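Chemist: Quick one: the structure is below, questions incoming.
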């Protein structure tokens, strides 16, 4: 099947522009041909979802060739192939914007301009992650990462008047600002209200931008592991596994069986932890504090089992490059199975209080998202499955032992908050089922590889992806020659495109519905702002 | 009245006056009214949680029934600056967040205390970069630092207990020192 796809690429783009490395298809394009190539990929070859747009600074990498590069990643949901389109660009050269073809490209291009200064035509040149008084483009190689800049005043609320004068007088501008229980201190929504309905809204992010990508260019591959753990801090194990898998795929090494099985156990327990706290936050924003504490109590049991394993409740870095750090202590497996049974009983209680509750159903059956819209806005993960699209990396491109265990993928119908809640509840049960299956048949043997040799890295790049708790967690990694530090690391975070569609979802809805929707999207700012 | 229960000396109160006597001996600040003031401030610290990052999860764990910071008087019923005494900052603070943090601190009413949880709030943590403030003491005056990445809920409770000791012993908050 790969040969068939490769032939089709060569037929449409030419042999010079196409290559296949490390499981990724790569097409080289140019600013003049970009829109034509993306249209061919979307309409004729069925690459319907745009996953990521990022920039690369080639200054320290090669003398000849262009200064910058703009890299697009696309996904075909029928045959599960991914393609990378690279467009070289000089500084000040204009690249056409792809936001007319793919709605989701807007924020990605704004971020690429913010970080590098790559000039996309006709985008709103407002800072996305850094603040408004920032001078310079931080991810360029000649910007010192230790060079702070201060901000004097927050951005003001301003909406252009699009309606007549009488309507204008009845509109009010409010600020659902960073310090709000539902935005968790890191997101800002500016809304133009007409009574209780939101007519227009603008989003501001970047309050938690900790410069993860710039710091990682100065750290070795092992030193990046604590930074990666704190990206999606609700489910720390999944990020660590995604990063270690990216480096292992780049080096083309295979880890032992026992390490794969243990990584799956940690991944599924982290996924349960993430879904529980998402439901807890959603419930607390809507008003039920009892369910908040029930979910937190269930999550604490999982924290204790992690503490018995490695001593840390959050931010545990159990995976290392080449396997797992330490083997299981004595008696851990039986304690883990006890806690899994206990969490299953807690799920029955949470279910009884919420699922058939009339108030919960009326408060959450709002703001639905159709399947076509979800794919257009780049949704992945539980939010996409709640809209009815059957897409999960664990089933479609299985890695480790996911094709040997039995589990099901729950799907929703309408794509509203109630469906997202039901999908997350069922995914918790399926994850606990996977954990019991693996712990019954744990393979014996080594837990890590002995020597990792970084000297064999050539001029290769990789885009490696795993199923995170919110969706597809991807790492686009470019290694640097003669060194064990990365040259460029881009994280494809799953909640970035989901939060971008918030303006569209919430238009003409009530304010309290907007708060309920925000809770169900599970926007984690460590991942959103990096 | 001192009694022995299983060989351990305990105090048993007979009426309200004895409770007040014990308080005046225990707290070392001078003046009867000052003692009442310190006792009441220390035992009802209402919290404004400025939660941005990973340490917020450990703060939530410290409030759960098993660890129960509510028994120390710490409540977070309303998220309003005017109602609260203690500002708990947990998580990394970035340059974009500085005007917001300063505005919230200025809106709180006197007397007020500040507690910084975690290493990111105390000193920038492991993020030394162009957008992260290297410690919130560059923005607002801080009374108590709780180190850790993240600190366990027990460490957060110890931070609150240390703050209560300071208040009962009459040590003024840093805001009072700066503003007379």
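Chemist: Identify the residues of the range A:439-479 with backbone N under 14 Å of a label point that sits 7 angstrom from the Cα of residue A:253 along the Cα-to-Cβ direction, or state none.
Modeler: A:447-457
Chemist: Go through A:436-448, A:460-472 and give me the packing order, highest mean Cβ count within 10 Å leading. Don't skip to the answer; put the middle values down first.
Modeler: Working: A:436-448: 14.0, A:460-472: 23.6.
Going from most to least packed, we get A:460-472, A:436-448.
Chemist: Now for a separate question. Please give the FRET efficiency for residue A:32 paired with residue A:485, using the beta carbon to beta carbon distance and R0 = 45 Å, rounded to the nearest 0.05. Before the final figure, lay out the partial values.
Modeler: Values: r = 35 Å, r/R0 = 0.78.
It comes to 0.80.
Chemist: Residue A:86 to residue A:175: extension gain in nm, 0.36 nm per residue of separation minus the Cα-Cα distance? Before the final figure, lay out each step's value.
Modeler: Values: separation 89, 0.36 × 89 = 32.04 nm, distance 3.93 nm.
Using 0.36 nm per residue and subtracting the Cα-Cα distance, I get 28.1 nm.
Chemist: Which distance in nm do the two modelled labels at residue A:202 and residue A:39 give, with both placed 7 Å along the Cα-to-Cβ direction?
Modeler: For residue A:202 paired with residue A:39, the spin-label model returns 3.3 nm.
Chemist: A further question on this structure: Over the range A:1-160, what number does the Rg to Rh ratio reach, with both radii from the alpha-carbon atoms and Rh per Kirkwood?
Modeler: Working: Rg = 17.6 Å, Rh = 17.2 Å.
Computed over Cα atoms, the ratio is 1.02.
Chemist: Would you please give the FRET efficiency between residue A:511 and residue A:356, computed as 1/(1 + (r/R0)^6) with r the Cβ-Cβ distance and R0 = 30 Å, to the nearest 0.05?
Modeler: Working: r = 27 Å, r/R0 = 0.89.
E between residue A:511 and residue A:356, to the nearest 0.05, is 0.65.
Chemist: OK, next. Which whole-number percent gives the relative contact order of the range A:458-512, counting Cα pairs below 8 Å spaced six or more residues apart? Please list the in-between numbers first.
Modeler: On the way: 67 pairs, mean separation 14.3, N = 55.
Worked out over the range A:458-512, it gives 26 percent.
Chemist: Test of understanding: what is the full-extension gain from residue A:408 to residue A:218, defined as 0.36 nm times their sequence separation minus their Cα-Cα distance? Intermediate values should be presented prior to the final figure.
Modeler: Values: separation 190, 0.36 × 190 = 68.40 nm, distance 4.16 nm.
Additional length available on full extension: 64.2 nm.
Chemist: Now for a separate question. Rounded if a/c is under 1.5, else prolate if a/b is larger than b/c, else oblate: which is the range A:117-270, with a ≥ b ≥ c the root eigenvalues of its Cα gyration tensor?
Modeler: Working: a/c = 2.90, a/b = 1.82, b/c = 1.59.
Here the range A:117-270 falls in the prolate category.
Chemist: Between residue A:132 and residue A:94, what is the label-to-label distance in nm when each label sits 7 Å out along the Cα-to-Cβ direction?
Modeler: Here the modelled spin labels are 2.6 nm apart.
Chemist: Take peptides A:397-410, A:105-118 and line them up by average Cβ neighbours within 10 Å, highest first, as a rough protection proxy.
Modeler: Numbers: A:397-410: 15.2, A:105-118: 22.6.
Ranking, from highest mean packing down: A:105-118, A:397-410.
Chemist: Distance between the C-alpha centers of the range B:88-162 and the range A:286-337? Whole Å please.
Modeler: 26
Chemist: Relative contact order for chain A using alpha-carbon pairs under 8 Å, separation at least 6, rounded to a whole percent?
Modeler: Numbers: 933 pairs, mean separation 85.9, N = 530.
Averaging sequence separation for qualifying contacts and normalising by length gives 16 percent for chain A.
Chemist: Once you have the Cα-Cα distance between residue A:146 and residue A:4, take 0.36 nm times their residue separation minus that, and quote the gain in nm to one decimal. Mind dumping the intermediate values first?
Modeler: Values: separation 142, 0.36 × 142 = 51.12 nm, distance 4.89 nm.
Separation in residues times 0.36 nm, less the Cα-Cα distance, equals 46.2 nm.
Chemist: Going by average Cβ density within 10 Å per residue, which order do the peptides B:102-114, A:493-505, A:175-187 take, highest to lowest? Present the calculation step by step, with values, prior to reporting the outcome.
Modeler: Details: B:102-114: 15.8, A:493-505: 22.1, A:175-187: 20.2.
Averaged packing, sorted descending, gives the order A:493-505, A:175-187, B:102-114.
Chemist: Within the P(r) computed for the range A:1-83, what percentage of the Cα pairs occupies the region above 19 Å?
Modeler: Working: 1352 of 3403 pairs.
Taking all Cα-Cα pairs of the range A:1-83, the fraction more than 19 Å apart is 40 percent.
Chemist: Using all Cα-Cα distances in the range A:277-401, what percent lands in each 10 angstrom bin from 0 up to the longest?
Modeler: Histogramming the range A:277-401 at 10 Å steps yields 10, 25, 34, 25, 6, 0 percent.
Chemist: May I ask for the percentage of alpha-carbon pairs in the range A:5-50 that lie more than 15 Å from each other? Don't jump to the answer; show the numbers that get you there.
Modeler: Details: 453 of 1035 pairs.
Percent of Cα pairs beyond 15 Å in the range A:5-50: 44.
Chemist: Hey, what D do you get for chain A in µm²/s if you plug the Kirkwood alpha-carbon radius into Stokes-Einstein at 4 °C and 1.567 mPa s? Can you show the working numbers first?
Modeler: On the way: Rh = 24.3 Å.
For these conditions, the coefficient is 53 µm²/s.
Chemist: Beyond 14 Å, what percent of the Cα pairs of the range A:343-408 remain?
Modeler: Numbers: 1531 of 2145 pairs.
So the portion of pairs separated by more than 14 Å is 71 percent.
Chemist: Follow-up question, since we're still on this one. What does DSSP give for chain A in terms of the percent of beta bridges that are antiparallel, rounded to the nearest 5? Please list the in-between numbers first.
Modeler: Values: 48 of 54 bridges.
Counting DSSP beta bridges with both partners in chain A, the antiparallel share is about 90 percent.
Chemist: Over the range A:180-221, what is the mean sequence separation of C-alpha contacts under 8 Å (at least six apart), divided by residue count, expressed as relative contact order in percent?
Modeler: On the way: 31 pairs, mean separation 13.3, N = 42.
Reported relative contact order: 32 percent.
Chemist: Right, next: Using r as the Cβ-Cβ distance of residue A:451 and residue B:70, and R0 as 45 Å, what FRET efficiency do you calculate, to the nearest 0.05?
Modeler: Numbers: r = 53 Å, r/R0 = 1.18.
Calculated transfer efficiency: 0.25.
Every read-out reported here was derived from the displayed coordinates using simple, explicitly stated rules and does not represent laboratory data. Because the structure is a prediction, the values reported are computed rather than measured. For neighbour counting, all protein chains shown are included, and Cβ atoms are generated from backbone atoms with ideal geometry for every residue, glycine included.
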